[in-house]
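Engineer: Let me give you the structure first, and then I'll get to my questions.
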Amino acid sequence: QYKNSPYPTTLDLLRHLKAGVNAQDQALIDDLFVNITLYDLRLKEVKSEALPDGQLKLSLTIQAAKLTADGKGSETEQPLSEMVDIGVFDQDPDAFEKQPKQLYWQKHLLKSGENKLEIIVSKDAKFVGVDPLIKLIDRDAADNIYKL
């Protein structure tokens with residue numbers, strides 16, 4: 001509490017956060033705390049198909065990119081290979097007052113470029129989203145959610 005210098009710094013915090021975690025988690029910590037990291041995640045297309053058991057098969061086409069920026073605004077595309085949340089809801093996930101119910105919530109590996117996924121959900125599905133709670137910094141998060 002009343003320690004003299006050297007005082008703890010953010011570098012000490014990073015050292016403690018990275019202690020005992022794997023290389024992938026260390027890279028995530030760097031993306032969150034050291035680098036200026038931006039994501040471009042977009043649901044380009046969603047096709048739904050009713051299944052005989054009453055559920056829906058959703059075929060998602062997701063465009064994904066990861067960029068780093070320097071302090072002067074110059075951006076460089078980086079390879080993306082990360083687990084990202086995919087969620088399906090019975091109502092608009094942005095309408096918090098309606099308390100949307102999560103019908104599906106899983107992490108999926110997304111890589112740079114176009115990604116195709118198929119998921120099975122209940123017939124109550126109305127909205128699907130990639131990183132729907134916007135945990136990753138995305139300039140245009142509006143294209144992350146798709147109304148079925």
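Engineer: Run down Glu49, Glu82, Glu77 and say which single residue is open to solvent by 50 Å² or more (accessible area, probe 1.4 Å), in a strand (DSSP E or B) and either within 14 Å of Ile145 (Cβ to Cβ) or touching a residue at least 12 places away in the same chain (Cβ under 8 Å) (or both).
Structural biologist: Answer to the check: Glu77.
Engineer: Just checking, does the range 20-32 include any residue being open to solvent by less than 70 Å² (accessible area, probe 1.4 Å), part of a loop (DSSP other than H, G, I, E, B) and either touching an Asp or Glu at 6+ places or on another chain (Cβ under 8 Å) or not charged (D, E, K, R) (or both)?
Structural biologist: Looking through the range 20-32, at least one residue is open to solvent by less than 70 Å² (accessible area, probe 1.4 Å), part of a loop (DSSP other than H, G, I, E, B) and either touching an Asp or Glu at 6+ places or on another chain (Cβ under 8 Å) or not charged (D, E, K, R) (or both).
Engineer: Kindly indicate whether Lys66 is surrounded by 15 or more Cβ atoms within 10 Å (Cβ to Cβ), of a type in the set (Lys, Arg) and farther than 20 Å from Lys123 by Cβ.
Structural biologist: Considered against the rule, which asks whether it is surrounded by 15 or more Cβ atoms within 10 Å (Cβ to Cβ), of a type in the set (Lys, Arg) and farther than 20 Å from Lys123 by Cβ, Lys66 comes out as yes.
Engineer: Taking the options Gly54, Gly71, Gly87, name whichever one is open to solvent by 40 Å² or more (accessible area, probe 1.4 Å), more than 12 Å from Leu41 (Cβ to Cβ) and of a type outside the set (A, V, I, L, M, F, W, C).
Structural biologist: Gly71
Engineer: Where the second residue is of a type in the set (S, T, N, Q) and surrounded by 11 or more Cβ atoms within 10 Å (Cβ to Cβ) and the first is over 19 Å from Ile137 (Cβ atoms) and lies in the range 1-30, which pairs have Cβ atoms under 6 Å and are six or more apart or on separate chains?
Structural biologist: Lys18/Gln26
Engineer: Is it fair to say Asp143 is surrounded by 13 or more Cβ atoms within 10 Å (Cβ to Cβ), of a type outside the set (Gly, Ala, Ser) and modelled with pLDDT under 95?
Structural biologist: Criteria met by Asp143.
Engineer: Restricting to the range 106-116, give me the number of residues that are outside any loop (DSSP other than H, G, I, E, B), free of Cβ contacts under 8 Å to residues at least 60 places away in the same chain and either touching a Lys or Arg at 6+ places or on another chain (Cβ under 7 Å) or open to solvent by 30 Å² or more (accessible area, probe 1.4 Å) (or both).
Structural biologist: Number of matching residues: 6.
Engineer: Which ones in the range 91-105 are out of contact with any Gly (no Cβ under 7 Å at 6 or more places or on another chain) and either modelled with pLDDT of 90 or more or open to solvent by less than 10 Å² (accessible area, probe 1.4 Å) (or both)?
Structural biologist: Leu103
Engineer: If I filter the range 128-140 for residues that are loosely packed, with under 14 Cβ neighbours inside 10 Å and more than 11 Å from the chain's Cα centre (by Cα), do I get at least one hit?
Structural biologist: The answer is yes; a qualifying residue exists.
Engineer: Give just the number: which of (1) open to solvent by 80 Å² or more (accessible area, probe 1.4 Å); (2) out of contact with any Asp or Glu (no Cβ under 7 Å at 6 or more places or on another chain) does Arg42 not satisfy?
Structural biologist: (2)
Engineer: Could you pull out the residue among Lys18, Lys101, Lys44, Lys57 that is of a type in the set (D, E, K, R) and in contact with a Phe, Trp or Tyr (Cβ under 8 Å, 6 or more places away or on another chain)?
Structural biologist: So the residue among Lys18, Lys101, Lys44, Lys57 that is of a type in the set (D, E, K, R) and in contact with a Phe, Trp or Tyr (Cβ under 8 Å, 6 or more places away or on another chain) is Lys101.
The values are calculated or read from the model by the stated rules, or taken from the named source; none is laboratory data. This structure is a prediction, so every number in the text was calculated from the model and none was measured. Don't worry about glycine lacking a Cβ; one is built from the backbone with ideal geometry, like all the others, and counts go over all protein chains shown. Keep in mind that these areas ignore ligands, DNA and RNA; they rest on the heavy atoms of the full protein, side chains included. Shrake-Rupley method; radii C 1.70, N 1.55, O 1.52, S 1.80 Å.
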